[in-house]
Amino acid sequence: MVFPYLIISVLWVATGLFLYQFKITHTLFNKDLASLSSPSGILHSLFIRPFAYHLWYIRDLIVLVFFSPLIGILTNKSKGLWLIFLFLIWFTDAVTSGVLKTESLLFFATGGLLASAPHLF
């Protein structure tokens, strides 16, 4: 999943930079692409805030799968009680992160709890 994400993200950034060069397609973009002129801007666009915004879900899923052992331990040891804390954070929108959306973590952990429910109780 990482390689297709990276390939599609790089292609979107390259396409955006190409189309941004022309006056007729310049108006299609609602943000200034000057930040993509530096390597740190390109990395930010690939990993933190994807240029192809609809890829946020894949980015979050990659991060969640990487941290799934920790999420599984938290879910199993607390018998899902930490999901109440996640729900409160999500509901109040108290914590916002650029790398991982709170709702992604909440629903991923809820799915893990439901998948292991017969073993917990």
Count of lysine pairs in the chain with Cα separation under 29 Å (8 or more residues apart, or interchain): 4
Quick one: angle between helix 2-20 and the longest Cα principal axis of the chain, in degrees between 0 and 90, rounded to 10, please. 30 degrees
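Can you give the extra length, in nm with one decimal, that the chain gains between LEU55 and SER37 once fully stretched, where that is 0.36 nm per residue apart less the Cα-Cα distance?
On the way: separation 18, 0.36 × 18 = 6.48 nm, distance 2.12 nm.
Contour length minus Cα-Cα distance gives 4.4 nm.
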CD proxy, 222 nm, the chain: helix-only mean residue ellipticity via -39,500 (n - 2.57) per DSSP H run with n ≥ 4, per residue, nearest 500, stands at -19000 deg cm²/dmol
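Would you work out what percent of the accessible area of the chain, with all protein chains in place, is carbon or sulfur (probe 1.4 Å)?
Working: 6200 of 8310 Å².
Using a 1.4 Å probe with all protein chains present, the chain comes out at 75 percent carbon and sulfur.
Got the relative contact order for the chain handy, in percent, Cα pairs under 8 Å and 6 or more residues apart? Write down the numbers at each step before the final one.
Values: 80 pairs, mean separation 28.8, N = 121.
Rounded, it is 24 percent for the chain.
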Among ILE71, HIS44, VAL13, whose Cα lies farthest out toward the positive end of the dipole of the range 13-91, if unit charges sit on the beta carbon of Lys, Arg (+1) and Asp, Glu (-1)? ILE71
Taking the chain as the region of interest, what is the percent of Cα-Cα pairs per 10 angstrom bin, listed from the shortest bin to the one with the maximum distance? 12, 34, 26, 17, 8, 2, 0
So for the range 39-88, using the alpha carbon gyration tensor with a ≥ b ≥ c as root eigenvalues (a/c under 1.5 gives rounded; past that, a/b versus b/c decides prolate or oblate), I'd call it prolate
Mean accessible area per residue over the chain (1.4 angstrom probe, all protein chains present, square angstrom) is 69 Å²
To the nearest 10 degrees, how steep is helix 68-77 against the longest Cα principal axis of the chain, on a 0 to 90 scale? 30 degrees
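The values are calculated or read from the model by the stated rules, or taken from the named source; none is laboratory data. No experiment lies behind these values; they were computed from the predicted model shown. Note: ideal-geometry Cβ built from the backbone for every residue, glycine included; neighbour counts use all protein chains shown. When the accessible area is computed, the model is the full protein with side chains, heavy atoms only, and any ligands, DNA or RNA have been set aside. Shrake-Rupley method; radii C 1.70, N 1.55, O 1.52, S 1.80 Å.
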